[in-house]
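Please treat every number below as a calculation from the coordinates, not as lab data. Note that the coordinates shown come from a computational prediction; the quantities given were computed from them, not determined experimentally. With ideal geometry, Cβ positions are generated from the backbone for all residues, glycine too; neighbour counts draw on all protein chains shown.
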Amino acid sequence: MSFPRFVVVGGLCALLSNAAVIVLVRYGFTSVVASLLAFPPVLLIGYALHAMFTFGAPATRLTFARYALAVATNIPAFAALLYIFCEVLKVPVGIVAPAATALIFLWSYMAARWALLPADRSANRDTLRGYERGCCEDDNC
């Protein structure tokens, strides 16, 4: 099962990212610049670990590009969730932040799976097309 492995790798990446940001801020960088500087190395580490350990998938340029795109959506999605629920709907941040974190974590798992396992998607698509034609696995269509 890949989800427990995803939790381990995701937790490690979160720790690395936070440590890098904290150190960079202590050396005088702003938090935004520190976050931008921490992103590429953590992205590379996360991709390599998810490809090898979490999903056992081959590392390719295509899957890296897809993974980078998926991971890059996390920050704006988190900010949007905070804005909508805290600013617009006036839900307390103490409720929204943990809930948004959980949603982003689940989104990250699905996105990483999408990025690293494209063969599973195409196989599922072919199976669905067979069912749309009225075929099933036993019909050999």
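So between residue 68 and residue 31, what do we pick up on full extension, going 0.36 nm a residue minus the alpha carbon distance? Before the final figure, lay out each step's value.
Values: separation 37, 0.36 × 37 = 13.32 nm, distance 2.09 nm.
Length difference between fully extended and current span is 11.2 nm.
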Taking all pairs of different Cα atoms in segment 2-120, averaging 1/r and flipping that mean, what Kirkwood radius in angstroms comes out? 15.2
Based on the Cβ-Cβ distance from residue 106 to residue 60, what FRET efficiency comes out when R0 is 30 Å, to the nearest 0.05? 0.75
